[in-house]
Amino acid sequence: MQMRFELTDIEINRYNAWLKILPPVPEGKFGAAGGGHWFKFTPTGLGTIVEAGRVDVPHLDINLTDFEAF
């Protein structure tokens, strides 16, 4: 079984805007893996809820969900 989660254009635009407001990543904070970003996809009967965050600034987590796609 395969599952595939994708962002809509609206969600991508929200994500890119959110990236611009994040503070810079401190030097050496996340090592070779990069910036410690995560995505959470929650399938529902109506659509998929999409959230994103960065591990060092949990208070800046964002809901990217395009509710118009529900």
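The values are calculated or read from the model by the stated rules, or taken from the named source; none is laboratory data. In this text the structure is predicted, and so the values were computed from the model without any measurement. Reconstructed Cβ throughout: ideal geometry from the backbone, glycine too, with neighbour counts over all protein chains shown.
Residues in the stretch 37-70 that are assigned to a strand (DSSP E or B) and of a type in the set (S, T, N, Q): 42, 48, 63. Counting only residues that are closer than 17 Å to residue 69 by Cα and basic (Lys, Arg), which one in the stretch 1-39 is modelled with the highest pLDDT? The residue in question is 14. Would you pick out the residues in the stretch 40-50 that are under 15 Å from the mean Cα position of the chain (by Cα), surrounded by 14 or more Cβ atoms within 10 Å (Cβ to Cβ) and without any contact (Cβ under 8 Å) to a residue 24 or more places away in the chain? Correct list: 49 only.
Can you report the number of residues in the stretch 1-22 which are β-branched (Val, Ile, Thr) and within 13 Å of residue 53 (Cα to Cα)? Counting residues in the stretch 1-22 that are β-branched (Val, Ile, Thr) and within 13 Å of residue 53 (Cα to Cα) gives 1. Applying the selection to the stretch 3-27, what residues are free of Cβ contacts under 8 Å to residues at least 12 places away in the same chain and surrounded by 10 or more Cβ atoms within 10 Å (Cβ to Cβ)? Result: 12, 13, 17, 19. In this structure, is residue 60 modelled with pLDDT of 90 or more and over 15 Å from the mean Cα position of the chain (by Cα)? When the stated conditions are applied, residue 60 does not pass them.
Within the stretch 51-70, track down each residue that is crowded, with 17+ Cβ neighbours inside 10 Å and touching a residue at least 24 places away in the same chain (Cβ under 8 Å). 52, 54, 62, 64, 65, 66 - these are the residues of the stretch 51-70 that are crowded, with 17+ Cβ neighbours inside 10 Å and touching a residue at least 24 places away in the same chain (Cβ under 8 Å).
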